[in-house]
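The values are calculated or read from the model by the stated rules, or taken from the named source; none is laboratory data. For clarity, every value in this text was computed on a predicted model and none was experimentally measured. Heads up, the Cβs are rebuilt from the backbone with ideal geometry, glycines too, and the neighbour counts pull from every protein chain shown.
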């Protein structure tokens, strides 16, 4: 798993503003996971910035990525200001854009501070690891999808109140999980921890919009895809530790859902906020194949 973690951010420099990453090794085998391309694009942007941390990013998913093909990341050094630095990143496969992102970086400054409180939920020690949960239901997954379903992932996840993936019942859009890297990041460099948190922020977020309607990626009656992704980093993080991902979905309609997330450290500090709109297209229910 350590090799998999390190490979995720193994971005090769091709030229001053041109980088290459790999699409394989994410959450799914059939396409490049959205969080994967966010993390690599952010890593590419960080390679062009000195002594500043990302405070926000805004991204669009344009085409599905092919995990068997390298991804080229082209960075536009839009602005280097006195306090803020702006970068634009385009991800390309086979000569076509699959993703683009704008990211802003900020010097450290002091200012007024307030935050929302973290919800009181079960801690990570009282919740099953997602891989352990999936082993209990793997026999319900078609054999051709079972290997990917059970494959170890770069992020360890513990769902506080997971739905039944195959026969979900309508429930609250409120959605909680604990996550951290599966293994250890041997560096304290914030840009590395930012990239892994950006990767993890795309995990399960769309599921919040599914919950009120009793559908899931495995129920066979909905097409799901991330359309855009926004993220704000508030505090420094150590993603070797557990963080609570508190999610909800204030709206769905027109075959889309809006989903929001807050990331808290175990001591209740709000370290990041997330928002994402996703495709949520109704399909005629079909067997799980």
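What is the residue count in region 42-66 for residues that are crowded, with 21+ Cβ neighbours inside 10 Å and closer than 10 Å to residue 105 by Cα? Selection size over region 42-66: 4. Scanning region 103-133 for residues that are at pLDDT 95 or above, surrounded by 14 or more Cβ atoms within 10 Å (Cβ to Cβ) and over 19 Å from residue 246 (Cβ atoms) turns up 103, 104, 105, 106. One residue stands out in region 67-102 among those that are assigned to a loop (DSSP other than H, G, I, E, B) and surrounded by fewer than 17 Cβ atoms within 10 Å (Cβ to Cβ): the one that is farthest from the chain's Cα centre (by Cα), namely 82.
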